[in-house]
Structures are given as structure tokens and as C-alpha cells.
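The values are calculated or read from the model by the stated rules, or taken from the named source; none is laboratory data. Because the structure is a prediction, the values reported are computed rather than measured. We place every Cβ from the backbone using ideal geometry, glycine too, and count neighbours over all the protein chains shown.
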Amino acid sequence: MSELTREQAQALIEEVLEVYPEKAKKDRAKHLMVNDKEITQSKKCITSNRKSVPGVMTQRGCAYAGSKGVVWGPIKDIIDISHGPVGCGAYSRGGRRNYFSGTSGVDSFCDINFTSDFQEKDIVFGGDKKLAKLIDELEGLFPLSKGISVQSECPVGLIGDDIEAVAKKKAAEIGKVIVPVRCEGFRGVSQSLGHHIANDAVRDWIISNRDGKPFESTPYDVAILGDYNIGGDAWASRILLEEMGLRVVAQWSGDGTLTEMENTPNVKLNLLHCYRSMNYISRHMEEKYGIPWLEYNFFGPTKIKESLREIASHFDEKIQEGAERVIAKYTPAMDAIIAKYKPRLQGKKVMLYVGGLRPRHTVGAYEDLGMEVIGAGYEFAHNDDYDRTMKEMKDATLIYDDVTGYEFEEFVRQLKPDLIGSGIKEKYAFHKMGVPFRQLHSWDYSGPYHGFDGFAIFARDMDMTVNNPCWGMLKAPWLKDEAEGEQKAA
Amino acid sequence: MANIMVRKSADGGLSFYLPKRDIEDSIISIEFDTPEKWGGEIRLGNGGIYYIDPIPAPARLPISVRARRVDGVE
């Protein structure tokens, strides 16, 4: 399909909204927009971070998902107790593939589900005693853990358990950090509030633990914030920073440790990849410790080069030379990848609907491959994310917030993109529609996609999805023959 | 009353951040901006007006202060 004009895109949105009842239509209309680069403030044309309309198919998660699944889960030497009924922990275990180096069950605990498994009696009599017992058991079974976090599920908030008191008492007993996190799923409209609550818990219980203690610092200390090491992303980013001469003190939180987090206030610059989930703690560190923070983008060579130079500009000439050296080293390899895949992907159209940072950060990587992003949206973004997205996207492209299953399908039916990047809930619906699809939440079980090394994998994955021969075989052979036969007859 | 954070933005101006609502915006004008007296009425890019009790100018930004919403969007 040829490119839409602004009027056509607006007409498409109106057509899609037509099926809703009056009230829902009015509400949903505020969440859909046609990009206009001249508007600098997204709040004038898009509403975000609002409760989803009841009855629609939304793809959002809950505060618990944001806190346990995103922020706390990947910290490898902290045991995260899913405090409440068993399901939340069981279904959020390992889904994001936050890689870590360590021995699972001995010194690393990312891929194990620890839960207090609430029963009826715990709801009636309260779960505090059970939590205390659970912490004792954990201490006996996993003595090498460095800390424990208590991730509340909905019932804990509803029955009013005092997890803070248990945490304080037990922390004194076992001599480890125990962090109570009030991330009950009913808080907020999406996982976004969970990120905020998790950041606040880190601020209150962890970040100042080592204030005033000796730390051997260098002028080149940085921390990677908001990289969850999905498929090894943080490692692919880290080697670039180390190659240019920086010292990465902490990884938040993919393959990160409690000690790293406690040492973060000593760094000279915080590098923020996922703005949505970790801007809160960056702002806190900026205020309390005077550490500046910088958003960067490690998707696709163009953006990586820009980011490396921007990061280097905060340091002296040694690092700036280092950045140029790294760029020069990888440029031939990147050119070869683009030369290989660009002819196969040139002009293909992509629609994205993910969370966090991907709908805007991956645009550059797709453009490096000659592809074009014609629609982007977030599950749980706020307006500052859309401010940033509108700059990245072309004019007259679609931007949709918390898009419903129906709307997304209709957009795809009309715009006919060559590739969709979204989550597992959408994946099979679009496979059945015959549209190439990548699950972009955890890189469709591939990765890493960050950094120069990641771009090679990204390009390969996009090529093998878009140009997969299976998309031409979706029609049953007898139906195909009939259709072709008719054509011949005509 | 709400806690807000005032920080220096990249372009050299001041920016306003309301953590509770996750609202970030530029500060267009601030009533008092001298070393002895800082704060007062602040006007935001989105049309909101907040009031900070005047204090001596902070030595370092960002700073978290209590502010009262006078008018406009939140």
C-alpha cells in the first residue's frame, strides 16, 4: 500500500472507531493520532496512561508485572518472593529471558519462582507469619543470596498485611537486605506504576546503603540503567562502553547484583536505556548525588554511533578517541550487514506495538535496513514517551496508545504492513492473518539486539521473518488452484 | 500540596517534574530568581501555575520542593 496522506490516516482512524458505542468511541479517539512533527508536545493530541476501556482487549500488565517482572526480577542475587497466591509468580517466571551469569539456585535466583502460595486461611488470618517462616526457609536453603525482596500480590494489599514490619524484623535477624515492595497488581492502570513503585523501593531501601563507605572510583565510572539483559542485551552494550574506555560499575538490572546497585551512587554518569522504567531512580540520583543522566539508544549502527559520541562528550579526550576507535572498528562489519540485508528488506513496512522504549528506539535500526515504520504505539507509555516518539516517526504515520486487539487488527488489515513487532498475545492472531510477525518483548526467543553485535542478529531475524517462504503457503493448495484456475478461465 | 522536582534542562532553562503524576514540563517563568529569594509563582509550558514558598536560591539543582497548584491542568 502506498503511503497515506494525513487525511487518509485520519479517515482510517475514524473508520476503525466507528464500531464502538458513543462513550467508548470518544474515549478511544483520544488515544489514536496521526503523527505531526510540528507538534512538540504530545499532550495536545494524544492521551496516555489512562485506564483501559472495559470490554476491549488490552495488552497491558499490572503493577506486580512492572515491579517483579521488569525491575526486580533480573537482579540475580536477590530472591524475589511473590507474596500471595501462586499464579502470579508461576506465570511471570522466566518469560523475559533476562540472562545472567551464575549458578541458578546457588548464587543466582532469576529463573526460580519463590512464592508464599496464599491459601484461604492466609487471607482470613493474614500472611505475615507465613512470610516470616518463608524467609527463614529461604535463608536455610539459599544461604548465598545477598538479599530478599517481597513483591506483594493483590491480596496482600486487600487484607492489609504489614510486610514492612516483617521485613524489618527479619532483616535484623538474618543480616541481609529485605525490601518490602508494595506493588499490588491493582495499583495504577498498567505496569508503569509498578516500575515507579519498584524504583521508589530501591531508593528507600537500597541506594543509600553504602553511603560514606570507601569505594575505589575512577573518572570513567558509569552505570547502565534500564537494560534488562534480554537475550544478553546488556552484555552487548557493556562491551562497547568498556572498549571505549569507560568502567561499567553497575548493570540495572539485567545480570545486576545488589552490590552493584549499592555502588551506583559513586558513578560519574548514569546511562539510561529504558527511560520509562528507570527515569525515577535517575532523577533521584541526580538530586541526591548530583549524577547527571543521559538517555541513549543502542539499536542500529546510526543510533549507536550517535549515542557513543554523545556519551563520550561527557568525558575527556581519551574517551572521545575511544568512541571514535570503537566506531571505526565496527563500521566495516556493520556496512557488510547492511549490504547483505538491505536489498532484501528495502521498502518493507513495519508496525510496532510494544512497551517501554522499543517503539521509538528501534525505528533507527529499521531505517538502517531500509525499512519504514508506519505505525507505533505503547502499552503503558506516558506523554513524555510520546514527545520523544513523535520526533523519531515520519509525518502522517499512525501513533496509537494502549491499542485494543480490534483496532490493531483493523489497522493491519488496512495498512498491510510487511512486518509487525509486538507481543505474544498478538503473535498468533497475526500469524493466522498471514502477516510476518516478530515478538519484540523478548526478541522472539533470539537476541541480543542491542549494540553492534546485536544489530547483526536483528538484521538476520528481520530478514528470516519477512522473507520466510511460509507466508506464501498459507492458502490451502486446493483453494489456491481454484483461484488460479478461475483467473485462467477469465 | 505536592512534591515537585525542579531541574536544569538540557537547553539551560528550568524544568518541572511532578513524580506523583509523572508530569514533566518546561518552566516558562519563575516569580523570584535571585540568590536571596527563589520560588514563588511558576508558570509551565502546559499552562499550569504552581506556587513554591520562596526560599534562598538552591545551591544545586535538581531540588525537590513542596508546591501548591494554583491554576491550570495537572
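Which of (1) of a type outside the set (S, T, Y); (2) buried (at least 23 other Cβ atoms within 10 Å of the Cβ); (3) closer than 26 Å to A:G454 by Cα does A:G245 not meet, given it meets every other one?
(2)
Yes/no per residue for (1) over 19 Å from A:D316 (Cβ atoms); (2) within 14 Å of another protein chain (Cβ to nearest Cβ); (3) surrounded by 21 or more Cβ atoms within 10 Å (Cβ to Cβ):
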| site | (1), (2), (3) |
| --- | --- |
| A:S208 | yes, no, no |
| A:Y220 | no, no, yes |
| A:G226 | yes, no, yes |
| A:I239 | yes, no, no |
| A:S253 | yes, no, yes |
| A:T257 | yes, no, yes |
| A:N263 | yes, no, no |
| A:N270 | no, yes, yes |
| A:Y275 | yes, yes, yes |
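Suppose we keep only residues that are within 15 Å of the chain's Cα centre (by Cα) and free of Cβ contacts under 8 Å to residues at least 24 places away in the same chain within segment A:428-465. Which one would you say is surrounded by the most Cβ atoms within 10 Å (Cβ to Cβ)?
A:Q439
Considering segment A:466-477 alone, what residues qualify as being surrounded by fewer than 19 Cβ atoms within 10 Å (Cβ to Cβ) and not basic (K, R)?
So the first thing to find is which residues in segment A:466-477 are surrounded by fewer than 19 Cβ atoms within 10 Å (Cβ to Cβ), and the list is A:467-477.
Hits for segment A:466-477 are A:N467, A:N468, A:P469, A:C470, A:W471, A:G472, A:M473, A:L474, A:A476, A:P477.
Go through A:G89, A:G94, A:G61, A:G105 for me and flag whichever is in contact with a helix residue (DSSP H, G or I) (Cβ under 6 Å, 6 or more places away or on another chain) and over 22 Å from A:R203 (Cα atoms).
Details: A:G89 fails: in contact with a helix residue (DSSP H, G or I) (Cβ under 6 Å, 6 or more places away or on another chain); A:G94 fails: in contact with a helix residue (DSSP H, G or I) (Cβ under 6 Å, 6 or more places away or on another chain); A:G105 fails: in contact with a helix residue (DSSP H, G or I) (Cβ under 6 Å, 6 or more places away or on another chain).
Step by step, each of A:G89, A:G94, A:G61, A:G105 is checked, and only A:G61 is in contact with a helix residue (DSSP H, G or I) (Cβ under 6 Å, 6 or more places away or on another chain) and over 22 Å from A:R203 (Cα atoms).
Inspect all residues belonging to segment A:174-185 and state whether any of them is assigned to a loop (DSSP other than H, G, I, E, B), at pLDDT 95 or above, in contact with a Pro (Cβ under 7 Å, 6 or more places away or on another chain) and more than 14 Å from every other protein chain (Cβ to nearest Cβ).
Scanning segment A:174-185 turns up no residue that is assigned to a loop (DSSP other than H, G, I, E, B), at pLDDT 95 or above, in contact with a Pro (Cβ under 7 Å, 6 or more places away or on another chain) and more than 14 Å from every other protein chain (Cβ to nearest Cβ).
If a residue has to be of a type in the set (G, A, S), buried (at least 17 other Cβ atoms within 10 Å of the Cβ) and over 30 Å from A:V156 (Cβ atoms) to count, how many in segment A:7-65 make the cut?
Summing the residues that are of a type in the set (G, A, S), buried (at least 17 other Cβ atoms within 10 Å of the Cβ) and over 30 Å from A:V156 (Cβ atoms) in segment A:7-65 gives 2.
Going through segment A:46-69 one residue at a time, which ones are away from every other protein chain (no Cβ under 13 Å) and within 17 Å of B:E24 (Cβ to Cβ)?
Result: A:I46, single match.
Given the structure, is A:L240 over 16 Å from the mean Cα position of the chain (by Cα) and aliphatic (A, V, I, L, M)? Step through it out loud before you land on a result.
Numbers: over 16 Å from the mean Cα position of the chain (by Cα): yes; aliphatic (A, V, I, L, M): yes.
Answer is yes for this residue.
Any idea which of A:V156, A:V150 is in a helix (DSSP H, G or I), in contact with a strand residue (DSSP E or B) (Cβ under 8 Å, 6 or more places away or on another chain), among the β-branched types (V, I, T) and closer than 17 Å to A:Y64 by Cα? Spell out how you get there, then give the answer.
Values: A:V150 fails: in a helix (DSSP H, G or I).
Result of the check over A:V156, A:V150: A:V156.
Based on this model, can you work out whether A:I75 counts as touching a strand residue (DSSP E or B) at 6+ places or on another chain (Cβ under 8 Å), assigned to a strand (DSSP E or B) and at pLDDT 90 or above? Spell out how you get there, then give the answer.
On the way: touching a strand residue (DSSP E or B) at 6+ places or on another chain (Cβ under 8 Å): yes; assigned to a strand (DSSP E or B): no; at pLDDT 90 or above: yes.
Criteria not met by A:I75.
Checking A:G87 against (1) closer than 25 Å to A:A171 by Cβ; (2) outside any loop (DSSP other than H, G, I, E, B), which single condition isn't satisfied?
Result: A:G87 passes all but (1).
So which residues in segment A:413-441 are within 25 Å of A:D387 (Cα to Cα) and in a helix (DSSP H, G or I), if there are any at all?
A:L415
Any residue in segment A:330-343 that is under 21 Å from A:G454 (Cα atoms), in contact with a strand residue (DSSP E or B) (Cβ under 8 Å, 6 or more places away or on another chain) and among the aliphatic types (A, V, I, L, M)? Don't jump to the end; show me each part of the working.
Start the filter on segment A:330-343 by keeping residues that are under 21 Å from A:G454 (Cα atoms), which leaves A:330-343.
Add one more test, that the residue is in contact with a strand residue (DSSP E or B) (Cβ under 8 Å, 6 or more places away or on another chain), and what stays is none.
Within segment A:330-343 (the criterion being under 21 Å from A:G454 (Cα atoms), in contact with a strand residue (DSSP E or B) (Cβ under 8 Å, 6 or more places away or on another chain) and among the aliphatic types (A, V, I, L, M)), the answer is no, since none of the residues qualifies.
Has segment A:293-301 got any residue that is part of a loop (DSSP other than H, G, I, E, B), surrounded by fewer than 24 Cβ atoms within 10 Å (Cβ to Cβ) and at pLDDT 95 or above? Steps first, please.
Within segment A:293-301, the first condition is being part of a loop (DSSP other than H, G, I, E, B), and the residues that meet it are A:296-300.
Adding the requirement that they be surrounded by fewer than 24 Cβ atoms within 10 Å (Cβ to Cβ) leaves A:296-297.
Then drop every residue that is not at pLDDT 95 or above, which leaves A:296-297.
Yes, segment A:293-301 contains at least one residue that is part of a loop (DSSP other than H, G, I, E, B), surrounded by fewer than 24 Cβ atoms within 10 Å (Cβ to Cβ) and at pLDDT 95 or above.
Can you name the strands (runs of 3 or more DSSP E) wholly within segment A:316-412 that have at least 3 residues being surrounded by 19 or more Cβ atoms within 10 Å (Cβ to Cβ) and among the β-branched types (V, I, T)?
none
Checking the conditions here, which among A:E372, A:E367, A:E310, A:E295 is among the charged types (D, E, K, R), closer than 20 Å to A:L32 by Cα and either touching a residue at least 24 places away in the same chain (Cβ under 8 Å) or within 14 Å of chain B (Cβ to nearest Cβ) (or both)? Spell out how you get there, then give the answer.
Details: A:E367 fails: closer than 20 Å to A:L32 by Cα; A:E310 fails: closer than 20 Å to A:L32 by Cα; A:E295 fails: closer than 20 Å to A:L32 by Cα.
From the options A:E372, A:E367, A:E310, A:E295, the qualifying one is A:E372.
Are any residues in segment A:173-230 over 25 Å from A:V248 (Cβ atoms), within 15 Å of the chain's Cα centre (by Cα) and of a type in the set (G, A, S), and if so, which ones?
Answer for segment A:173-230, where residues must be over 25 Å from A:V248 (Cβ atoms), within 15 Å of the chain's Cα centre (by Cα) and of a type in the set (G, A, S): A:S190, A:S192, A:G194.
Counting only residues that are surrounded by fewer than 19 Cβ atoms within 10 Å (Cβ to Cβ) and at negative phi, which one in segment B:2-12 is farthest from the other protein chains (Cβ to nearest Cβ)? Write out each step before concluding.
At the first step, the residues of segment B:2-12 found to be surrounded by fewer than 19 Cβ atoms within 10 Å (Cβ to Cβ) are B:2-3, B:7-12.
Applying the additional criterion that residues be at negative phi yields B:2-3, B:7-11.
Details: B:A2: 15, B:N3: 11, B:R7: 7, B:K8: 10, B:S9: 12, B:A10: 10, B:D11: 12 Å.
Out of the qualifying residues, it is B:A2.
Out of all the residues in segment A:232-249, which are touching a residue at least 40 places away in the same chain (Cβ under 8 Å), hydrophobic (A, V, I, L, M, F, W, C) and touching a helix residue (DSSP H, G or I) at 6+ places or on another chain (Cβ under 8 Å)? Please lay out each step first, then the result.
The initial filter retains those residues of segment A:232-249 that are touching a residue at least 40 places away in the same chain (Cβ under 8 Å), namely A:232-237, A:239-241, A:243-246.
Adding the requirement that they be hydrophobic (A, V, I, L, M, F, W, C) leaves A:234-236, A:239-241, A:244, A:246.
The answer is A:A236, A:I239, A:L240, A:L241, A:M244, A:L246.
Just give me the residues in segment A:90-129 being of a type in the set (D, E), in a loop (DSSP other than H, G, I, E, B) and within 23 Å of A:R182 (Cβ to Cβ), in sequence order. Quick ask: steps written out before the conclusion?
Of the residues in segment A:90-129, the ones of a type in the set (D, E) are A:107, A:111, A:117, A:120, A:122, A:128.
Now restrict to residues that are in a loop (DSSP other than H, G, I, E, B): A:107, A:111, A:117.
Residue satisfying the conditions is A:D117 alone.
Check off (1) of a type in the set (G, A, S); (2) under 27 Å from A:L193 (Cα atoms); (3) more than 14 Å from every other protein chain (Cβ to nearest Cβ) for B:S15 and give me the number that stays unchecked.
Of the numbered conditions (1) of a type in the set (G, A, S); (2) under 27 Å from A:L193 (Cα atoms); (3) more than 14 Å from every other protein chain (Cβ to nearest Cβ), the odd one out for B:S15 is (3).
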